[in-house]
Amino acid sequence: MSEFIPLASPDIRDTDIALVNEVLRSGMLIQSKYVAELENGFLKRSSTNFASAVSNGTATMHLVLRALDIKHGDEVIVPAFSYVATANVVELVGATPVFVDIDLDTFNIDVAQIEKVITSKTKAIIPVHEFGLACNIEAVMQIANKHNLFVIEDAACAFGAHQNNKPVGSFGIAGSFSLHPRKSITSGEGGIVTSNDENLIKKVNILKNHGVEIINQNMEFVEAGFNYRMTDFQAALAVGQLERFDDTLIKKSRLAEVYFNEIKNPKIKLPFVPNDRNHTWQTFHIMLDDSLNQKDVIQYFKDRGVGVNYGAQCIPYQQYYAKKYNHNSQEKYPNAFAAYKQGIALPLYEKLTETQIEYISKIVNEL
Ligand SMILES: *Cc1c(COP(=O)(O)O)cnc(C)c1O
(Lines give C-alpha, C1' and ligand atoms only; values in the text may rest on other atoms or scores of the structure.)
Protein backbone atom coordinates (compact mmCIF):
# COMPACT_ATOMS: atom_id res chain seq x y z
CA MET A 1 0.00 0.00 0.00
CA SER A 2 1.55 3.26 -1.10
CA GLU A 3 -0.82 5.86 0.28
CA PHE A 4 -1.15 6.46 4.02
CA ILE A 5 -4.54 5.34 5.38
CA PRO A 6 -5.65 7.89 7.99
CA LEU A 7 -7.75 6.88 10.99
CA ALA A 8 -10.64 9.00 9.74
CA SER A 9 -11.55 10.91 6.61
CA PRO A 10 -14.95 12.45 5.85
CA ASP A 11 -16.74 11.75 2.57
CA ILE A 12 -17.20 15.27 1.17
CA ARG A 13 -18.49 15.34 -2.42
CA ASP A 14 -18.61 18.01 -5.10
CA THR A 15 -22.37 18.31 -4.57
CA ASP A 16 -21.74 19.17 -0.89
CA ILE A 17 -19.17 21.80 -1.85
CA ALA A 18 -21.61 23.28 -4.38
CA LEU A 19 -24.15 23.86 -1.60
CA VAL A 20 -21.52 25.53 0.58
CA ASN A 21 -20.65 27.81 -2.36
CA GLU A 22 -24.30 28.63 -2.85
CA VAL A 23 -24.52 29.87 0.75
CA LEU A 24 -21.27 31.83 0.48
CA ARG A 25 -22.53 33.56 -2.68
CA SER A 26 -25.92 34.33 -1.12
CA GLY A 27 -24.39 36.31 1.75
CA MET A 28 -26.84 34.69 4.21
CA LEU A 29 -24.10 33.10 6.26
CA ILE A 30 -25.68 32.54 9.68
CA GLN A 31 -28.68 30.41 10.55
CA SER A 32 -30.73 30.26 7.40
CA LYS A 33 -32.35 27.60 5.20
CA TYR A 34 -29.71 24.86 5.50
CA VAL A 35 -29.62 25.08 9.29
CA ALA A 36 -33.39 24.60 9.23
CA GLU A 37 -33.07 21.72 6.77
CA LEU A 38 -30.41 20.03 8.89
CA GLU A 39 -32.49 20.42 12.05
CA ASN A 40 -35.48 18.91 10.26
CA GLY A 41 -33.47 15.97 9.03
CA PHE A 42 -32.14 15.26 12.50
CA LEU A 43 -35.47 15.41 14.28
CA LYS A 44 -37.02 13.07 11.71
CA ARG A 45 -34.17 10.58 12.01
CA SER A 46 -34.20 10.77 15.79
CA SER A 47 -38.00 10.57 16.10
CA THR A 48 -38.13 13.72 18.22
CA ASN A 49 -40.32 16.79 17.85
CA PHE A 50 -37.51 19.35 18.03
CA ALA A 51 -33.89 19.82 17.07
CA SER A 52 -31.51 22.73 17.45
CA ALA A 53 -28.25 23.10 15.52
CA VAL A 54 -25.33 24.57 17.46
CA SER A 55 -21.61 25.13 17.07
CA ASN A 56 -20.35 21.74 18.31
CA GLY A 57 -21.17 18.60 20.29
CA THR A 58 -19.83 20.05 23.53
CA ALA A 59 -21.93 23.21 23.28
CA THR A 60 -24.98 20.93 22.92
CA MET A 61 -24.55 19.43 26.36
CA HIS A 62 -23.39 22.68 27.96
CA LEU A 63 -26.59 24.36 26.74
CA VAL A 64 -28.85 21.54 27.92
CA LEU A 65 -27.26 21.47 31.39
CA ARG A 66 -27.69 25.26 31.64
CA ALA A 67 -31.27 25.06 30.36
CA LEU A 68 -32.04 22.43 33.03
CA ASP A 69 -30.49 24.73 35.65
CA ILE A 70 -27.93 22.15 36.73
CA LYS A 71 -25.30 23.99 38.76
CA HIS A 72 -22.91 24.11 41.70
CA GLY A 73 -23.87 21.58 44.34
CA ASP A 74 -25.47 19.18 41.85
CA GLU A 75 -24.03 15.84 40.79
CA VAL A 76 -24.19 14.38 37.29
CA ILE A 77 -23.39 10.74 36.56
CA VAL A 78 -21.10 10.11 33.56
CA PRO A 79 -19.24 7.04 32.32
CA ALA A 80 -15.54 6.91 33.25
CA PHE A 81 -14.63 6.06 29.65
CA SER A 82 -15.60 8.60 26.99
CA TYR A 83 -14.25 11.65 25.25
CA VAL A 84 -13.43 14.17 28.02
CA ALA A 85 -16.11 16.61 26.80
CA THR A 86 -18.78 14.43 28.47
CA ALA A 87 -17.39 15.33 31.91
CA ASN A 88 -16.07 18.79 31.00
CA VAL A 89 -19.58 20.12 30.39
CA VAL A 90 -20.54 19.16 33.94
CA GLU A 91 -17.53 21.10 35.24
CA LEU A 92 -18.47 24.05 33.00
CA VAL A 93 -21.78 24.54 34.84
CA GLY A 94 -20.04 24.15 38.22
CA ALA A 95 -21.58 20.76 39.01
CA THR A 96 -19.68 17.60 39.97
CA PRO A 97 -19.23 14.70 37.57
CA VAL A 98 -19.62 11.34 39.31
CA PHE A 99 -17.99 8.56 37.33
CA VAL A 100 -19.30 5.05 36.75
CA ASP A 101 -17.21 2.27 35.20
CA ILE A 102 -18.05 0.74 31.83
CA ASP A 103 -18.54 -2.83 30.71
CA LEU A 104 -15.78 -4.13 28.48
CA ASP A 105 -18.04 -5.82 25.95
CA THR A 106 -19.79 -2.66 24.73
CA PHE A 107 -17.49 0.08 26.20
CA ASN A 108 -20.68 1.68 27.50
CA ILE A 109 -21.71 2.60 31.04
CA ASP A 110 -22.15 -0.41 33.36
CA VAL A 111 -25.81 0.08 34.20
CA ALA A 112 -25.59 -2.24 37.21
CA GLN A 113 -23.29 0.27 38.95
CA ILE A 114 -25.35 3.43 38.45
CA GLU A 115 -27.65 3.17 41.46
CA LYS A 116 -24.70 2.78 43.85
CA VAL A 117 -23.57 6.35 43.19
CA ILE A 118 -26.95 8.11 43.26
CA THR A 119 -27.24 10.59 46.16
CA SER A 120 -29.68 13.33 47.13
CA LYS A 121 -27.53 15.69 45.02
CA THR A 122 -27.76 13.68 41.81
CA LYS A 123 -29.68 15.59 39.15
CA ALA A 124 -28.88 13.89 35.87
CA ILE A 125 -27.17 11.07 34.02
CA ILE A 126 -25.20 11.60 30.80
CA PRO A 127 -24.92 8.11 29.30
CA VAL A 128 -22.69 7.90 26.22
CA HIS A 129 -23.47 5.80 23.15
CA GLU A 130 -19.80 5.05 22.70
CA PHE A 131 -18.20 4.43 19.32
CA GLY A 132 -21.60 4.36 17.57
CA LEU A 133 -23.28 1.65 19.64
CA ALA A 134 -26.28 2.55 21.81
CA CYS A 135 -25.71 1.93 25.50
CA ASN A 136 -28.43 0.02 27.36
CA ILE A 137 -30.44 3.23 27.35
CA GLU A 138 -33.71 1.47 28.21
CA ALA A 139 -32.19 0.33 31.50
CA VAL A 140 -30.68 3.78 32.11
CA MET A 141 -34.14 5.34 31.60
CA GLN A 142 -35.71 2.94 34.12
CA ILE A 143 -33.21 3.93 36.80
CA ALA A 144 -33.55 7.63 35.94
CA ASN A 145 -37.34 7.50 36.10
CA LYS A 146 -37.25 5.69 39.42
CA HIS A 147 -34.99 8.38 40.94
CA ASN A 148 -36.43 11.35 39.06
CA LEU A 149 -33.24 12.21 37.18
CA PHE A 150 -32.77 13.91 33.82
CA VAL A 151 -31.08 11.88 31.10
CA ILE A 152 -29.00 13.72 28.50
CA GLU A 153 -27.84 11.23 25.89
CA ASP A 154 -24.32 11.88 24.62
CA ALA A 155 -24.90 10.49 21.14
CA ALA A 156 -21.96 12.42 19.66
CA CYS A 157 -20.72 9.29 17.85
CA ALA A 158 -23.97 7.46 17.45
CA PHE A 159 -26.19 9.08 14.86
CA GLY A 160 -28.38 6.29 13.43
CA ALA A 161 -27.99 3.96 16.42
CA HIS A 162 -31.01 2.45 18.14
CA GLN A 163 -32.15 0.05 20.82
CA ASN A 164 -35.19 -2.05 19.94
CA ASN A 165 -35.66 0.22 16.92
CA LYS A 166 -36.02 3.39 18.98
CA PRO A 167 -33.34 5.91 17.90
CA VAL A 168 -30.76 7.33 20.29
CA GLY A 169 -31.46 10.95 21.15
CA SER A 170 -35.17 10.19 21.68
CA PHE A 171 -34.99 8.43 25.08
CA GLY A 172 -33.79 11.15 27.43
CA ILE A 173 -34.94 14.73 27.93
CA ALA A 174 -32.34 15.60 25.29
CA GLY A 175 -29.98 13.98 22.84
CA SER A 176 -26.62 15.46 21.85
CA PHE A 177 -24.95 14.82 18.49
CA SER A 178 -21.57 16.00 17.19
CA LEU A 179 -20.80 16.89 13.57
CA HIS A 180 -17.03 16.90 14.00
CA PRO A 181 -15.13 15.29 11.07
CA ARG A 182 -14.49 12.15 13.13
CA LYS A 183 -18.24 11.54 13.50
CA SER A 184 -20.72 9.99 11.05
CA ILE A 185 -21.82 13.24 9.43
CA THR A 186 -19.75 16.39 9.50
CA SER A 187 -20.24 20.13 9.17
CA GLY A 188 -16.62 20.81 10.16
CA GLU A 189 -17.52 21.75 13.69
CA GLY A 190 -21.16 21.32 14.61
CA GLY A 191 -23.66 19.84 17.02
CA ILE A 192 -27.37 19.05 17.25
CA VAL A 193 -29.63 18.94 20.29
CA THR A 194 -32.72 16.76 19.91
CA SER A 195 -35.66 16.77 22.32
CA ASN A 196 -39.37 16.21 22.71
CA ASP A 197 -39.55 18.92 25.37
CA GLU A 198 -40.67 22.19 23.82
CA ASN A 199 -39.67 24.30 26.82
CA LEU A 200 -36.20 22.83 26.90
CA ILE A 201 -35.59 23.51 23.20
CA LYS A 202 -36.94 27.02 23.61
CA LYS A 203 -34.41 27.66 26.39
CA VAL A 204 -31.61 26.09 24.35
CA ASN A 205 -32.48 28.35 21.42
CA ILE A 206 -32.44 31.43 23.64
CA LEU A 207 -29.17 30.48 25.36
CA LYS A 208 -27.36 29.65 22.12
CA ASN A 209 -28.25 33.05 20.68
CA HIS A 210 -27.02 35.62 23.24
CA GLY A 211 -30.06 35.14 25.46
CA VAL A 212 -32.45 36.71 22.97
CA GLU A 213 -36.16 36.01 23.06
CA ILE A 214 -38.58 37.60 20.63
CA ILE A 215 -41.46 38.95 22.71
CA ASN A 216 -44.22 40.84 20.87
CA GLN A 217 -41.86 41.19 17.90
CA ASN A 218 -39.22 42.81 20.10
CA MET A 219 -35.81 41.42 20.87
CA GLU A 220 -35.59 41.00 24.63
CA PHE A 221 -32.38 39.82 26.27
CA VAL A 222 -33.83 37.50 28.89
CA GLU A 223 -30.64 35.52 29.71
CA ALA A 224 -26.88 36.08 29.73
CA GLY A 225 -26.52 33.72 26.78
CA PHE A 226 -23.75 32.31 24.64
CA ASN A 227 -23.12 32.51 20.95
CA TYR A 228 -23.27 28.81 20.10
CA ARG A 229 -24.94 29.12 16.67
CA MET A 230 -24.11 27.08 13.60
CA THR A 231 -23.36 28.93 10.36
CA ASP A 232 -25.47 28.14 7.31
CA PHE A 233 -22.53 27.04 5.15
CA GLN A 234 -21.62 24.46 7.80
CA ALA A 235 -25.16 23.11 7.67
CA ALA A 236 -25.02 23.14 3.84
CA LEU A 237 -21.96 20.87 4.01
CA ALA A 238 -23.86 18.34 6.10
CA VAL A 239 -27.33 18.13 4.49
CA GLY A 240 -26.17 15.99 1.56
CA GLN A 241 -24.38 13.58 3.92
CA LEU A 242 -27.61 13.32 5.88
CA GLU A 243 -29.49 12.34 2.71
CA ARG A 244 -26.92 9.66 1.89
CA PHE A 245 -26.73 8.39 5.44
CA ASP A 246 -28.60 5.10 4.96
CA ASP A 247 -26.13 4.15 2.23
CA THR A 248 -23.26 5.19 4.48
CA LEU A 249 -24.46 2.87 7.23
CA ILE A 250 -24.79 -0.06 4.82
CA LYS A 251 -21.34 0.54 3.38
CA LYS A 252 -19.77 0.80 6.82
CA SER A 253 -21.38 -2.36 8.12
CA ARG A 254 -20.07 -4.20 5.05
CA LEU A 255 -16.56 -2.97 5.83
CA ALA A 256 -16.96 -3.96 9.49
CA GLU A 257 -17.90 -7.47 8.29
CA VAL A 258 -14.57 -7.65 6.49
CA TYR A 259 -12.75 -6.95 9.78
CA PHE A 260 -14.83 -9.63 11.52
CA ASN A 261 -14.02 -12.16 8.80
CA GLU A 262 -10.34 -11.32 8.40
CA ILE A 263 -9.07 -10.68 11.92
CA LYS A 264 -7.95 -13.93 13.49
CA ASN A 265 -5.59 -13.23 16.34
CA PRO A 266 -6.13 -14.63 19.85
CA LYS A 267 -4.47 -11.50 21.30
CA ILE A 268 -7.26 -9.32 19.89
CA LYS A 269 -10.80 -8.94 21.15
CA LEU A 270 -13.26 -7.79 18.50
CA PRO A 271 -16.26 -5.51 19.19
CA PHE A 272 -19.52 -6.99 20.43
CA VAL A 273 -23.01 -5.96 19.31
CA PRO A 274 -25.94 -6.91 21.59
CA ASN A 275 -28.86 -8.25 19.55
CA ASP A 276 -31.33 -5.52 20.59
CA ARG A 277 -29.05 -2.90 19.00
CA ASN A 278 -27.26 -1.94 15.76
CA HIS A 279 -23.71 -0.66 15.49
CA THR A 280 -23.15 2.44 13.35
CA TRP A 281 -19.33 1.92 13.37
CA GLN A 282 -18.24 5.45 14.07
CA THR A 283 -15.23 3.59 15.51
CA PHE A 284 -14.14 -0.02 15.11
CA HIS A 285 -12.59 -0.49 18.55
CA ILE A 286 -10.54 -3.57 19.35
CA MET A 287 -8.86 -4.59 22.60
CA LEU A 288 -5.25 -5.75 22.82
CA ASP A 289 -4.44 -8.38 25.42
CA ASP A 290 -1.83 -7.62 28.08
CA SER A 291 1.03 -9.09 26.05
CA LEU A 292 0.75 -6.16 23.63
CA ASN A 293 1.77 -2.57 24.29
CA GLN A 294 -0.61 0.03 22.88
CA LYS A 295 2.07 2.59 22.00
CA ASP A 296 4.15 -0.04 20.17
CA VAL A 297 1.08 -1.18 18.28
CA ILE A 298 0.23 2.38 17.19
CA GLN A 299 3.81 2.78 15.92
CA TYR A 300 3.71 -0.63 14.19
CA PHE A 301 0.66 0.48 12.20
CA LYS A 302 2.19 3.86 11.44
CA ASP A 303 5.31 2.20 10.04
CA ARG A 304 3.03 0.27 7.71
CA GLY A 305 1.14 3.34 6.53
CA VAL A 306 -1.97 3.12 8.71
CA GLY A 307 -3.22 5.65 11.26
CA VAL A 308 -4.66 4.07 14.40
CA ASN A 309 -5.03 5.52 17.88
CA TYR A 310 -6.48 4.81 21.30
CA GLY A 311 -10.28 5.06 21.32
CA ALA A 312 -11.26 7.29 24.24
CA GLN A 313 -10.01 8.50 27.62
CA CYS A 314 -10.35 7.13 31.11
CA ILE A 315 -11.59 10.57 32.17
CA PRO A 316 -10.92 10.46 35.94
CA TYR A 317 -7.33 9.47 35.12
CA GLN A 318 -6.73 12.68 33.13
CA GLN A 319 -4.69 15.31 34.93
CA TYR A 320 -7.45 17.83 35.66
CA TYR A 321 -9.79 15.23 37.16
CA ALA A 322 -7.07 13.27 38.92
CA LYS A 323 -5.86 16.45 40.65
CA LYS A 324 -9.27 17.80 41.52
CA TYR A 325 -10.90 14.63 42.80
CA ASN A 326 -7.84 12.63 43.83
CA HIS A 327 -9.28 9.41 42.45
CA ASN A 328 -7.30 6.23 42.29
CA SER A 329 -8.96 5.74 38.96
CA GLN A 330 -7.10 2.58 38.00
CA GLU A 331 -8.59 0.77 40.98
CA LYS A 332 -11.94 2.49 40.97
CA TYR A 333 -12.65 2.21 37.24
CA PRO A 334 -10.67 -0.84 36.13
CA ASN A 335 -12.60 -1.39 32.90
CA ALA A 336 -12.39 2.25 31.81
CA PHE A 337 -8.68 2.17 32.53
CA ALA A 338 -8.19 -1.08 30.60
CA ALA A 339 -10.10 0.30 27.59
CA TYR A 340 -7.96 3.46 27.70
CA LYS A 341 -4.70 1.53 27.94
CA GLN A 342 -5.41 -1.46 25.67
CA GLY A 343 -8.02 -0.16 23.21
CA ILE A 344 -7.25 0.62 19.57
CA ALA A 345 -9.48 2.38 17.06
CA LEU A 346 -9.03 1.05 13.52
CA PRO A 347 -9.93 3.05 10.38
CA LEU A 348 -13.50 2.50 9.20
CA TYR A 349 -15.18 5.00 6.91
CA GLU A 350 -17.05 5.14 3.66
CA LYS A 351 -14.12 5.95 1.40
CA LEU A 352 -12.14 2.84 2.40
CA THR A 353 -12.12 -0.21 0.16
CA GLU A 354 -12.48 -3.83 1.22
CA THR A 355 -8.88 -4.35 0.03
CA GLN A 356 -7.67 -1.66 2.44
CA ILE A 357 -9.59 -3.28 5.31
CA GLU A 358 -8.00 -6.62 4.40
CA TYR A 359 -4.59 -4.97 4.46
CA ILE A 360 -5.24 -3.47 7.92
CA SER A 361 -6.58 -6.82 9.15
CA LYS A 362 -3.38 -8.52 7.98
CA ILE A 363 -1.38 -6.14 10.16
CA VAL A 364 -3.69 -6.89 13.12
CA ASN A 365 -3.02 -10.60 12.58
CA GLU A 366 0.75 -10.01 12.70
CA LEU A 367 0.58 -8.46 16.18
C1 LIG B 1 -16.73 13.95 19.87
C2 LIG B 1 -17.40 13.77 21.15
C3 LIG B 1 -17.87 14.86 21.90
C4 LIG B 1 -17.56 16.29 21.55
O5 LIG B 1 -18.08 16.69 20.33
P6 LIG B 1 -17.45 18.01 19.65
O7 LIG B 1 -18.35 18.27 18.48
O8 LIG B 1 -16.06 17.67 19.23
O9 LIG B 1 -17.48 19.11 20.66
C10 LIG B 1 -18.57 14.61 23.06
N11 LIG B 1 -18.80 13.34 23.48
C12 LIG B 1 -18.35 12.27 22.79
C13 LIG B 1 -18.66 10.90 23.29
C14 LIG B 1 -17.62 12.45 21.63
O15 LIG B 1 -17.16 11.39 20.97
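In segment 141-159, what residues are buried (at least 23 other Cβ atoms within 10 Å of the Cβ) and in contact with a Pro (Cβ under 8 Å, 6 or more places away or on another chain)?
Those that are buried (at least 23 other Cβ atoms within 10 Å of the Cβ) and in contact with a Pro (Cβ under 8 Å, 6 or more places away or on another chain): GLU153, ASP154.
Does segment 67-89 contain any residue that is more than 15 Å from the chain's Cα centre (by Cα), modelled with pLDDT of 95 or more and among the aromatic types (Phe, Trp, Tyr)?
no
Confirm whether ASN335 is in a loop (DSSP other than H, G, I, E, B) and either of a type outside the set (D, E, K, R) or in contact with a Leu (Cβ under 7 Å, 6 or more places away or on another chain) (or both).
In short, no.
Need pairs with beta-carbon distance below 6 Å; first residue crowded, with 22+ Cβ neighbours inside 10 Å and within segment 332-356, second acidic (Asp, Glu); sequence gap 6+ or separate chains.
Qualifying pairs under 6 Å: TYR333/ASP101; ALA336/ASP101.
Can you give me the ranges of the helices (runs of 4 or more DSSP H) entirely in segment 1-98 with at least 1 residues that are surrounded by fewer than 19 Cβ atoms within 10 Å (Cβ to Cβ)?
14-26, 33-45, 85-92
For segment 340-367, enumerate the residues that are in a loop (DSSP other than H, G, I, E, B) and of a type in the set (Ser, Thr, Tyr).
Residues satisfying the conditions are TYR349, THR353.
Would you confirm whether any residue within segment 144-156 is under 19 Å from the mean Cα position of the chain (by Cα), within 16 Å of the ligand (Cβ to nearest atom) and either in a loop (DSSP other than H, G, I, E, B) or aromatic (Phe, Trp, Tyr) (or both)?
So far as segment 144-156 goes, yes, one or more of its residues are under 19 Å from the mean Cα position of the chain (by Cα), within 16 Å of the ligand (Cβ to nearest atom) and either in a loop (DSSP other than H, G, I, E, B) or aromatic (Phe, Trp, Tyr) (or both).
Take the conditions away from the ligand (no atom under 16 Å from the Cβ), closer than 30 Å to TRP281 by Cα and in contact with a Lys or Arg (Cβ under 9 Å, 6 or more places away or on another chain) and apply them to GLY225. Does it pass?
In short, no.
Please enumerate the residues belonging to segment 244-297 that are acidic (Asp, Glu), surrounded by 12 or more Cβ atoms within 10 Å (Cβ to Cβ) and in a helix (DSSP H, G or I).
GLU257, GLU262
Counting only residues that are open to solvent by 10 Å² or more (accessible area, probe 1.4 Å) and outside any loop (DSSP other than H, G, I, E, B), which one in segment 162-194 is farthest from the ligand (Cβ to nearest atom)?
By that ranking, first place goes to LYS166.
Being of a type in the set (S, T, N, Q) and open to solvent by 20 Å² or more (accessible area, probe 1.4 Å) is the filter here, so list the residues in segment 234-243 that pass it.
GLN234
Name the pairs whose Cβ atoms lie under 6 Å apart, with the first residue in segment 208-229 and crowded, with 16+ Cβ neighbours inside 10 Å, the second of a type in the set (Ser, Thr, Tyr), and 6 or more positions between them or separate chains?
LYS208/TYR228; TYR228/SER55
How many of the residues in segment 118-143 are among the aliphatic types (A, V, I, L, M) and in a helix (DSSP H, G or I)?
Total satisfying the criteria: 5.
The values are calculated or read from the model by the stated rules, or taken from the named source; none is laboratory data. From a predicted model like this one, the values you see are computed outputs, not experimental measurements. No Cβ is skipped: glycine too gets one built from the backbone with ideal geometry, and neighbour counts run over all protein chains shown. Calculation scope for accessible area: heavy atoms of the full protein, side chains included, ligands and nucleic acids excluded. Shrake-Rupley method; radii C 1.70, N 1.55, O 1.52, S 1.80 Å.
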